[in-house]
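Inspection log for the structure reproduced underneath, given as structure tokens.
Nothing in this text is a laboratory measurement; each read-out follows from the coordinates by a stated rule. Remember, predicted model here, so these are calculated numbers, not experimental data. All Cβ positions, glycine included, derive from the backbone under ideal geometry; neighbour counts span all protein chains shown.
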Amino acid sequence: MPVTSHPNLADDAVLTACVEHNARKGEHDLLDSFQQLSNAAPQLNLGPLVLALRQRLQAAHSPLSPWVYLGYYLLGRQILTGQGDLLPRFHDLLLAEIERPQPVGQIVEFWNPARADPALWQAALDLFQEGGDFSGGMEPPSAEVGDQYRTVIPEARGLIRTLDPPLADLMDRLQPLLVLCAPGSNARFSGEGFGNATCFFFRGASLFNASRPTNPIQMTERLVHEYAHAELFVLAQDGPLCLNGDDERHSVRIRPDPRPMNGILHALHVVSRVCPVLQRALSRGIPPSDAFEELTASCRLLIAQQQEYGASSLAVIRSHAQLTTLGEAVVEAAAARLASGVPA
């Protein structure tokens, strides 16, 4: 059932408190889910895993590894499909991930076996392909472009921290793992591309298409964009944003294909989080350099683009959305952020 009231999410302090509360609740909900899975399937011997996860949460070592969230999805899928041959292996992998410290801002290449077992990488690919994207597969980026991203990402994260420290803190919590990838051989052959991606069942991880170079302003937009998806997943983890069905689709400017209303709400929230950061960068945040004019032009272009996307999404939402109370709070906060202009 929709909630009957919701705090003012246009207030950054209130939004931060809601996100932090829901993120902690989500971790304990994950523990409860593992416990239920253990009770329902005692043959899996998940007791040690549940105990390790409980001890980790009691020690407040957050954020949890994104692989732990993915592992729950994976174990559940294996049980539902009756394909239990990999369960013992996944159990051991997840136990190791629960106990492993989770560095903030970790950058890894897709399929890197030093960071995750190939079975977990395959599970991540399968999960993202369920949405109809990435059908041509993924592979690591070239060494040259990957190195460039390893330089640009810290620059962008540093810029975000300078411009909006509370946002940077939230990004540390909800976006600790950044995965660099490129279209696979089948995608290159067919001409299929993809953007970046963040998924509910791989909480804490964001995928970035690193097939071509980027700059710190573009990377700032991409980091905040993907974070904002994760933020809205957390805010809406216990209830829907709208009552519109997924088969009801509308055209908006941010994507060429018609989108379900939930996706349009995500689009609005995302651009409303990106715009203030870019506006602050334009007014006082782009450091002097030989690329200053290029970065300034890039920032102006992105701001205009985000405002156009936001106006398009908001118009469709106002006309067609059946919003819950939470959805109304998200929309009104996004509209307020987009209307606020360049911050001081």
Original post:
So if we plug the beta-carbon distance of R100 and R284 into 1/(1 + (r/R0)^6) with R0 = 25 Å, what FRET efficiency do we get, rounded to 0.05?
Top reply: 0.05
**OP:** Rounded to the nearest 0.05, what FRET efficiency do F292 and D147 give with R0 = 30 Å and r taken as the Cβ-Cβ distance? Could you check?
**Re:** 0.85
Original post:
Taking the Cβ of R284 as the center, what net charge do the other residues with Cβ under 15 Å away carry, scoring Lys and Arg +1 and Asp and Glu -1?
Top reply: +2
Original post:
Between the stretch 220-265 and the stretch 116-133, what's the alpha-carbon centroid distance in Å?
Top reply: 21
Original post:
In the Gaussian network model of the chain, springs joining C-alpha atoms below 10 Å, which of P88, P141, P276 carries the largest mean-square fluctuation?
Top reply: P88
Original post:
Top mean-square fluctuation among D164, D12, D247, Gaussian network model of the chain, C-alpha springs under 10 Å?
Top reply: D247
Subject >> Total formal charge among the other residues, if their Cβ is under 14 angstrom from that of F201, Lys/Arg +1 and Asp/Glu -1 >> reply: -1
**OP:** Between beta-carbons, use under 12 Å as the cut-off and find the net charge around E144, counting Lys and Arg +1, Asp and Glu -1.
**Re:** +1
Subject >> Virtual spin-label span in nm between A13 and D257, 7 Å along Cα→Cβ >> reply: 4.3
**OP:** Select from G327, G146, G239 the residue whose mean-square fluctuation is largest in a Gaussian network model of the chain (Cα-Cα springs shorter than 10 Å).
**Re:** G239
**OP:** Search the structure for amide H atoms under 5 Å from the amide H of M138, placed 1.01 Å from N in the peptide plane, and list their residues when 5 or more places away or on another chain.
**Re:** G184
Original post:
Between the stretch 138-166 and the stretch 5-59, what is the C-alpha centre distance in whole Å?
Top reply: 29
Original post:
Expressed as a rounded percentage, what relative contact order does the chain have, with Cα pairs under 8 Å and six or more residues apart?
Top reply: 19
Subject >> Distance from the stretch 200-218 to the stretch 280-296 (C-alpha centre basis), Å >> reply: 22
